[in-house]
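Have a look at the structure below, then the notes.
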Amino acid sequence: MLYGICPLSVVPVRADANDTSEMVTQLLYGDHFEITETRPKWIKIRIAFDSYNGWIDEKQAFKIDELTFQNLQKKSTYSTDLIGLMTTSSNQLMPVCIGSAVHSSELLSHHFDGSTNAKYNKTQLVDTAMLYLNSPYLWGGKSPFGIDCSGFTQMVYKISLIHLHRDAYQQAKQGQALSFIEESEPGDLAFFDNEEGHIIHVGIMMKDNYIIHAHGQVRIDRIDHYGIFNVDTNRYSHNLRVIKKIV
């Protein structure tokens, strides 16, 4: 088995080995992965954090050995600055965004100048979510410059050292379902379905029946037992399926 790590700020992970293929997720600086297949100019990877699969340009990967991969599995240190700075081995500055795995900087001979997470605290989830406010929606995105609904929730929880799966329907299988919206606490996850009953959206509960979620942009709306009420259009945008307490 071959292994690698992301040495760049943000790298697209695509459905197929082609620059025009759909971006299904992203790697942030320091994310490590298994290499499961190789093609000319491309490698297929399985991301260690969430077991998500996709293709990246081989030039955007730094190869590591199995022992280094296993050691990285034991470390969890992520940047909490919206944008931090990394000094590369050639003494050049490189921006890294919130949620980047900066524990890998020593491995890559880089120096990180910024803040990192401490231990988990549920009360910090909403504070972290607010850092992404007004980030534009981007299918497959995981950075403050473009993020989708489940990438948003995954990153907020990741910074608090909690593992969420990548897609909303996968995240909906985690945690404990609540019977009533009144039982929810800030930081709990709310899931929403379509007419066919498939989970298509997720957001983070706030106090006083508000929710923060990625819909056009990361925004704050009202929520009740029917779903999300968009404060700009004055209509419901999503149908509530379930609220879950993850931790």
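Take Glu196 and tell me if it is in a loop (DSSP other than H, G, I, E, B) and either more than 26 Å from Cys97 (Cβ to Cβ) or not polar (S, T, N, Q) (or both).
yes
Taking the range 174-199 only, how many residues are of a type in the set (Gly, Ala, Ser) and in contact with a helix residue (DSSP H, G or I) (Cβ under 7 Å, 6 or more places away or on another chain)?
Residues of the range 174-199 of a type in the set (Gly, Ala, Ser): 175, 177, 179, 184, 187, 190, 197.
Then keep just the ones that are in contact with a helix residue (DSSP H, G or I) (Cβ under 7 Å, 6 or more places away or on another chain); that gives 187.
Adding up the residues that qualify gives 1.
Taking the residues in the range 156-193 that are part of a loop (DSSP other than H, G, I, E, B) and among the basic types (Lys, Arg) as candidates, determine which candidate is nearest to Leu28 (Cα to Cα). Taking the candidates together, the pick is Arg166. Scoring Pro136 on the criteria (1) over 27 Å from Lys75 (Cβ atoms); (2) at pLDDT below 95 leaves a single failure, condition (2). The set of residues in the range 214-242 being part of a strand (DSSP E or B), open to solvent by 10 Å² or more (accessible area, probe 1.4 Å) and among the β-branched types (Val, Ile, Thr) consists of Ile220, Val242. The set of residues from the range 117-157 being out of contact with any Leu (no Cβ under 7 Å at 6 or more places or on another chain) and of a type in the set (S, T, N, Q) comprises Asn121, Thr123, Gln124, Thr128, Asn134, Ser135, Ser150.
Out of Thr68, Thr20, which single residue is modelled with pLDDT of 95 or more, among the β-branched types (Val, Ile, Thr) and in a loop (DSSP other than H, G, I, E, B)? Let's see the steps before the verdict.
Numbers: Thr68 fails: in a loop (DSSP other than H, G, I, E, B).
Checking each option against the conditions leaves just Thr20.
May I ask you to list the residues in the range 173-196 that are modelled with pLDDT of 95 or more and among the small types (Gly, Ala, Ser)? Within the range 173-196, Gly175, Ala177, Ser184, Gly187, Ala190 meet the criteria. Total residues in the range 85-126 satisfying the condition of being under 19 Å from Phe49 (Cα atoms), among the small types (Gly, Ala, Ser), open to solvent by less than 60 Å² (accessible area, probe 1.4 Å) and not in a helix (DSSP H, G or I): the figure is 4.
So that you can scan it fast, the table gives a plain yes or no per residue for (1) open to solvent by 50 Å² or more (accessible area, probe 1.4 Å); (2) without any contact (Cβ under 8 Å) to a residue 60 or more places away in the chain:
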site	(1), (2)
Thr128	no, yes
Asp167	no, yes
Gln176	yes, no
Glu196	yes, yes
Asn209	yes, yes
Ile212	no, no
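The values are calculated or read from the model by the stated rules, or taken from the named source; none is laboratory data. Bear in mind that the values here come from a model prediction, so they are computed numbers and not experimental data. FYI the Cβ positions are ideal-geometry reconstructions off the backbone, even for glycines, and counts take in every protein chain you see. SASA here: full protein model, heavy atoms, side chains in, ligands and nucleic acids out. Shrake-Rupley method; radii C 1.70, N 1.55, O 1.52, S 1.80 Å.
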